[in-house]
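Engineer: My questions will all concern the structure given below.
Just so it is clear, none of the values below were taken in a lab; they were calculated from the coordinates. All of these numbers come straight from a predicted model, not from anything done at the bench. Cβ placement follows ideal geometry from the backbone for every residue including glycine, while neighbour counts extend to all protein chains displayed.
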Amino acid sequence: MKAMNVVLIGPPGSGKGTQAELLRDQNGFVHYSTGEVFRDHIRRKTPVGLQVEQYVTSGGLVPDGVVLDVVNAFMAENAGKPTLFDGFPRTIPQAQGLDKVLSEAKSAVDMAVLVDLQDDEVVKRLTARRQCRKCGKIYNLTFKPSKVAGVCDDCGGELYQRKDDSEGVIRDRLSTYHKQTEPVLHHYSEQGKLKRIDGALGRDRVYQEILKLIA
Ligand code: AMP
């Protein structure tokens, strides 16, 4: 595999996080999820966590300046490593900020992969999503249940439902996605870097499609 920087874009619940985990475990990418970074700050009650908590729990977007600060800190430590950006960039200023910090490191986004999914399917999937409190592994009550209800297969941690996975908040997140994040698709398509995959194909086929793109 080439040393690449790949941006995974898609509505919430399209399976980006799951794909990013697979690609990290089997292809050596560094997986960078701004959502995970923020949830970790919130858990640890850091100053960043206190600043972003209201946005994350309500399904709104964290202000671009805060997002770019955490991304720049990450890049300072991980420059030159092939990275999968998951849930970032979500706005045009973020996409421009990423282009800038990568070009300063003599690098660039090589490909943006859209994992696409219809709104109704998103709602169906996300209301059934559960996550391990301890190791972060993602489950789904319908598609990927744990062996024992409420318990992580890997580490025995407790499975919980994210506050922002309730239907009302999901609808808000979708509307934010359509308004703020869809323009980012245009940004990458203008650069000739955008590829689209149908997220409804399911986990394994989506993974195979991504592998074909990055091979
Ligand atoms: P995610 O895990 O990617 O679904 O992100 C969960 C929440 O974290 C989002 O609904 C936002 O409130 C916040 N968030 C994550 N990434 C970003 C980003 N790139 N820009 C703004 N807010 C973000």
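Engineer: Can you give me the P(r) profile for the chain? Cα pairs, bins 5 angstrom wide beginning at 0, each as a whole percent.
Structural biologist: Calculated over all Cα pairs of the chain, the distribution is 1, 7, 15, 20, 22, 19, 12, 5, 1, 0 percent.
Engineer: Setting aside same-chain residues fewer than 8 positions from K179, which lysines have a Cα under 26 Å from its Cα?
Structural biologist: K16, K100, K124, K163, K193, K195
Engineer: Okay, next question. Could you give the nm distance between label points at D204 and K81, where each point is 7 Å from its Cα heading toward the beta carbon?
Structural biologist: So the two model labels end up 3.1 nm from each other.
Engineer: What percent of all Cα-Cα pairs in the stretch 126-215 falls in each 10 Å bin, counting up from 0?
Structural biologist: Spelled out per bin, shortest first, that is 15, 29, 37, 18, 2.
Engineer: Given only helices, namely DSSP H runs of n ≥ 4 each adding -39500 (n - 2.57), what is the per-residue ellipticity at 222 nm of the chain, to the nearest 500 deg cm²/dmol?
Structural biologist: Helix-only estimate at 222 nm: -14500 deg cm²/dmol.
Engineer: Can you list the residues, at least 5 places off or on another chain, whose amide H is less than 5 Å from the amide H of Y139, using H built in the peptide plane?
Structural biologist: Distant-sequence amide H within range of Y139: R130, Q131, C132.
Engineer: Scan around L114 for amide H atoms under 5 Å from its own, H built in the peptide plane at 1.01 Å from N, and keep only partners 5 or more places away or cross-chain.
Structural biologist: Here the answer is I9, K195, R196, I197, since their amide H atoms fall under 5 Å of that of L114.
Engineer: Ok, one more. Using only the Cα atoms of the stretch 84-146, what do you get for the radius of gyration and for Dmax, in Å?
Structural biologist: 16.2, 44
Engineer: Contour minus end-to-end for K193 and L213, with contour as 0.36 nm per residue of separation and end-to-end as the Cα-Cα distance?
Structural biologist: Extra length available between K193 and L213 comes to 6.1 nm.
Engineer: Another question about this same structure. Stretched out fully, how many nm does the piece from S103 to Y160 gain, at 0.36 nm a residue minus the Cα gap?
Structural biologist: Taking 0.36 nm per residue and subtracting the Cα distance, the gain is 16.6 nm.
Engineer: Additional query: Using a basic spin-label model with each label point 7 Å from the Cα along Cα→Cβ, how many nm lie between H178 and Q118?
Structural biologist: With each label placed 7 Å out from Cα toward Cβ, I get 1.4 nm.
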